[in-house]
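Right, one structure below, let's go through it.
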Amino acid sequence: MRKVLLGKLGLDAHWRGAAVVAKYLMEKGFEVVYVGNQTPEQLVEAAVQEDPCMIGVSMLSGSHIVLMSKFMQLLQDMEMKDIPVVLGGTIPKQDKVKLHELGVACIYTPGESLDTLEDFIGDMFRLSAKGKR
Amino acid sequence: MSENHLFSSSSLCLLQMQQEALLKRKAKDRSFTSKSGIEIQPCYTPDDCKAFNHSQLGSPGSPPYTRGIYPLMYRTQPWTFRQLAGYGSAVDTNERYRFLIANGATGINGVFDYPTLRGYDSDNPVAEADLGQGGVAIDSIEDMHLLFKDIPINEVSVSLVVCNPVMAVPVFAMYLAMAEERGIPWDCLGGTNQNDFLMETAITTAPDILQPHFSFKLSTDIVEFCAGNVPRWHPISYTGYNYRESGVNAIQEVGMVIANAIATIEEMLRRGYSIDDFAPRLSVFFSADSDFFEEVAKYRAARRIWFKLLTERYGAIKKNSQTLRFHVQTSGASLTPQQPLNNITRSAYQALAAVLGGAQSIHVNGYDEALAIPTEEAAIVALRTQQIILHETNAAYTADPLGGSYFVETLTCELEKKIEEFVSEITAVGGMVAAVETGMIHDVITKAANEHFKRVRSGEQKVVGSNCFKHDDEPEIEIFRAPDILQKQKQKLSALRQSRDARVVDICLEKIRNACLEERNVMPAVLEAVKNRATLEEVCNVFRRYKGGWKLPL
């Protein structure tokens, strides 16, 4: 089964979004491993352990630039940059470019109704059919 | 000609009838239910209110307080304009507090950053990225002095958003110790702590969570300490608002508040207090969501349930024990990052519902809060919204203006019944602490959040600007950025650690540990520790080492 690793970076306290996305992904046939609050180091370590096909990060604390920069760098150091990273939460529009530059594959914010994520997963499946991952 | 006229008029009539039938069919196909699932009728008559009689309603200021807790309501007791504020360092937030007061805010509503809310000092690597985000960073009593510098805390009512008991204990202790060092007696202090164990164990998440029964014990320690020492303080404010934000509906919001209050009351009675020793200071924090009449009815039903509970079950005599006093925040989760100015309209209607429902204090959200914490401009628009309701709409001239409405009274009775049923479900699993430990509450939240999500996603629940009436190209709006305070906080902490007597701090922390082990009230030991400059994290670590490591049953 395709496995998704889902977590929150830093001390952000909101879990509703992550829980809703977890349920949604499970209904789409994914296995979801939710690891709760993690430091960037811990989340990369979890990725090493779980070998997921996708990593989801939920952040509503405003510290997404700092923590995602660190996380994406660590992921690269571990040569795991090919795992697509999806970020959900309160992400201001002006930060999206920077986050995409860091290598975040998909970003969606409250009210986007997961369409962005759905399209993204659709694309990923097609990629996967071509044997890329 | 006349024939022709007759013909056209009858066909017109037929057409009208067909149209009406079509409309009725359409109306039948669509369900008209409140956000909590109560079916709403096209019209209400006296027949709908059979369950309702005048004794259930009473007058404003009289039992069962359905119509409000004061006889003249806002004529004599206008609600407090209590706008949430906090970011960056204590100095930054002190400036925002004074800015709000200068602009007509009548109370302080202090929110803390993520590390403070979970009891981590600013120099802990876990805390660094979240410093000063979403609230103010407080590491020690020195920060508390800076936070309230030049603010007359013996006059202004201060709400401390210390939601998690793990940090409510040390941060409230810092507040009390700060007042003492300023020479202000504790009986002059008016204000509120959130101090709700559900916040720590069910509503929010963190790396190292206290076991629910221990978090609950800490919250009750504050209630007990205030009963004897800080008589004008509300030691607890059950955070129905946050339950609601996490996904539950209006019925569950109030039901969880009531069940949680029952837990506190039972524990205080077990500790040997009588109900009127502490119940006058229990308070509540509700949400104001967008379902206008359901929200108004919710506040009215909650007051009636509280009165019945406190008098019939617990025999409370004092009026302040029998009356439910509550703060309201307009719904943050209802706001959209798309077309953010629409949020001003949403928040204004929500705040009006709170006023028509008889709230004691209100926070209106900034229109940009789905994106970040509010800019100064957004904070002022929110405050002005309250001032417009009070000074321009005249909605506050008369108490409970919707009282007697067939619809609102019926809805109030229906909500009351359903809330009491939900409280019984929690009682059936052994009360609120057990309901958290077994994961029942987490289940309720997750289910409700998923149902809401599906309704929004399918379009059944319309969200203007978000799932309908969308703009293709959303303009960027100015975003508030919290200042970088890491170096400043680190310097302050290192100066603190150098200047204090480390040996005394260790002894104090040991005393807290002993109070935990011997199941005594921890407040006296924590007060001594923070006066001797123990930091927030040092105190919280004592609690976490004793009974931490709990995992949310998700």
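The values are calculated or read from the model by the stated rules, or taken from the named source; none is laboratory data. Only a predicted model underlies this, so the values are computations on that prediction, with no experimental measurement involved. Methodologically, a virtual Cβ is constructed for each residue, glycine included, from the backbone with ideal geometry; neighbour enumeration extends over all protein chains shown.
Collect the residues in region B:138-158 that are surrounded by 19 or more Cβ atoms within 10 Å (Cβ to Cβ), hydrophobic (A, V, I, L, M, F, W, C) and touching a strand residue (DSSP E or B) at 6+ places or on another chain (Cβ under 7 Å), keeping them in residue-number order.
B:I138, B:L147, B:V158
Please report, ordered by residue number, the helices (runs of 4 or more DSSP H) entirely within region B:418-531 with at least 3 residues that are under 30 Å from B:G272 (Cβ atoms).
B:432-437, B:502-517, B:523-531
Could we say that B:I485 is within 27 Å of B:D113 (Cα to Cα) and not basic (K, R) here?
It is true that B:I485 is within 27 Å of B:D113 (Cα to Cα) and not basic (K, R).
Looking at (1) farther than 19 Å from B:F292 by Cβ; (2) buried (at least 21 other Cβ atoms within 10 Å of the Cβ); (3) at pLDDT below 95, which is the one condition that is false for B:V463?
With (1) farther than 19 Å from B:F292 by Cβ; (2) buried (at least 21 other Cβ atoms within 10 Å of the Cβ); (3) at pLDDT below 95 applied to B:V463, the lone miss is (1).
Would you pick out the residues in region A:84-97 that are of a type in the set (A, V, I, L, M, F, W, C) and either facing chain B (nearest Cβ under 10 Å) or farther than 27 Å from A:M1 by Cα (or both)?
A:I91, A:V97
Scan region B:295-302 and give yes if some residue there is of a type in the set (A, V, I, L, M), crowded, with 24+ Cβ neighbours inside 10 Å, under 19 Å from B:P374 (Cα atoms) and at pLDDT 95 or above, otherwise no.
No, every residue in region B:295-302 fails to be of a type in the set (A, V, I, L, M), crowded, with 24+ Cβ neighbours inside 10 Å, under 19 Å from B:P374 (Cα atoms) and at pLDDT 95 or above.
Which ones in region A:1-51 are in a loop (DSSP other than H, G, I, E, B), farther than 29 Å from B:V444 by Cβ, in contact with a helix residue (DSSP H, G or I) (Cβ under 9 Å, 6 or more places away or on another chain) and more than 9 Å from chain B (Cβ to nearest Cβ)?
Within region A:1-51, just A:R2 meets the criteria.
Suppose the filter is away from every other protein chain (no Cβ under 14 Å) and out of contact with any Ser or Thr (no Cβ under 8 Å at 6 or more places or on another chain); does B:P165 pass it?
no
Based on this model, can you work out whether A:G36 counts as modelled with pLDDT under 85, more than 22 Å from B:R455 (Cβ to Cβ) and of a type outside the set (A, V, I, L, M)?
Taking the combined requirement at face value, the residue does not satisfy it.
For A:E79, only one of the following conditions fails: (1) closer than 22 Å to B:T205 by Cβ; (2) in a loop (DSSP other than H, G, I, E, B). What is its number?
(1)
To keep it simple, each residue is scored yes or no on (1) out of contact with any helix residue (DSSP H, G or I) (no Cβ under 9 Å at 6 or more places or on another chain); (2) more than 14 Å from every other protein chain (Cβ to nearest Cβ); (3) β-branched (V, I, T); (4) within 30 Å of B:T345 (Cβ to Cβ).
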residue	(1), (2), (3), (4)
B:G465	no, no, no, yes
B:R481	yes, no, no, yes
B:D484	yes, no, no, no
B:R500	yes, yes, no, no
B:L509	no, yes, no, no
B:P524	no, yes, no, no
B:L536	no, no, no, no
B:R545	no, yes, no, no
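Table: residues versus (1) surrounded by fewer than 23 Cβ atoms within 10 Å (Cβ to Cβ); (2) closer than 18 Å to A:V66 by Cα; (3) within 14 Å of another protein chain (Cβ to nearest Cβ).
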{"residue": "B:R96", "(1), (2), (3)": "yes, no, no"}
{"residue": "B:F99", "(1), (2), (3)": "yes, no, no"}
{"residue": "B:F112", "(1), (2), (3)": "no, no, yes"}
{"residue": "B:G119", "(1), (2), (3)": "no, no, yes"}
{"residue": "B:P125", "(1), (2), (3)": "yes, yes, yes"}
{"residue": "B:D130", "(1), (2), (3)": "no, yes, yes"}
{"residue": "B:Q133", "(1), (2), (3)": "no, yes, yes"}
{"residue": "B:V136", "(1), (2), (3)": "no, no, yes"}
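Residues in region B:23-50 that are under 38 Å from the mean Cα position of the chain (by Cα), surrounded by 10 or more Cβ atoms within 10 Å (Cβ to Cβ) and modelled with pLDDT under 75: how many?
1
Conditions: (1) of a type outside the set (G, A, S); (2) without any contact (Cβ under 8 Å) to a residue 12 or more places away in the chain; (3) more than 14 Å from every other protein chain (Cβ to nearest Cβ). A:C106 meets all but one. Number of the miss?
It fails just one condition, (2).
For region B:196-213, state whether one or more residues are touching a residue at least 24 places away in the same chain (Cβ under 8 Å) and farther than 30 Å from B:N450 by Cβ.
Looking for residues that are touching a residue at least 24 places away in the same chain (Cβ under 8 Å) and farther than 30 Å from B:N450 by Cβ, one finds none in region B:196-213, hence no.
Answer yes if at least one residue in region B:540-551 is surrounded by fewer than 15 Cβ atoms within 10 Å (Cβ to Cβ), modelled with pLDDT under 95 and not small (G, A, S), and no otherwise.
Checked against the condition, which is being surrounded by fewer than 15 Cβ atoms within 10 Å (Cβ to Cβ), modelled with pLDDT under 95 and not small (G, A, S), region B:540-551 yields at least one hit.
Mind telling me which of the residues B:E20, B:E3 ends up being out of contact with any Ser or Thr (no Cβ under 7 Å at 6 or more places or on another chain), at pLDDT below 75 and over 26 Å from B:K308 (Cβ atoms)?
B:E3
So how many residues does region B:76-98 have that are part of a helix (DSSP H, G or I) and touching a residue at least 60 places away in the same chain (Cβ under 8 Å)?
Count: 2.
Name the helices (runs of 4 or more DSSP H) wholly inside region B:317-417 in which the number of residues that are at pLDDT below 95 and under 22 Å from the mean Cα position of the chain (by Cα) is 2 or more.
B:376-391
Can B:I441 be described as crowded, with 16+ Cβ neighbours inside 10 Å, out of contact with any Gly (no Cβ under 8 Å at 6 or more places or on another chain) and within 14 Å of chain A (Cβ to nearest Cβ)?
So B:I441 passes the test.
If I filter region B:189-204 down to residues being within 26 Å of B:R82 (Cα to Cα) and β-branched (V, I, T), which single residue comes out as nearest to the other protein chains (Cβ to nearest Cβ)?
Looking at residues that are within 26 Å of B:R82 (Cα to Cα) and β-branched (V, I, T), I get B:T204.
Check region A:74-83 and report whether any residue there is modelled with pLDDT under 95, surrounded by fewer than 17 Cβ atoms within 10 Å (Cβ to Cβ) and over 20 Å from A:V4 (Cα atoms).
No, region A:74-83 contains no residue that is modelled with pLDDT under 95, surrounded by fewer than 17 Cβ atoms within 10 Å (Cβ to Cβ) and over 20 Å from A:V4 (Cα atoms).
Suppose the filter is more than 14 Å from chain A (Cβ to nearest Cβ), free of Cβ contacts under 8 Å to residues at least 60 places away in the same chain and not in a helix (DSSP H, G or I); does B:P280 pass it?
Judged against the criteria, B:P280 is not a match.
Which of the residues that make up region A:52-65 are among the aliphatic types (A, V, I, L, M), within 11 Å of chain B (Cβ to nearest Cβ) and buried (at least 20 other Cβ atoms within 10 Å of the Cβ)?
Correct list: A:M59, A:L60.
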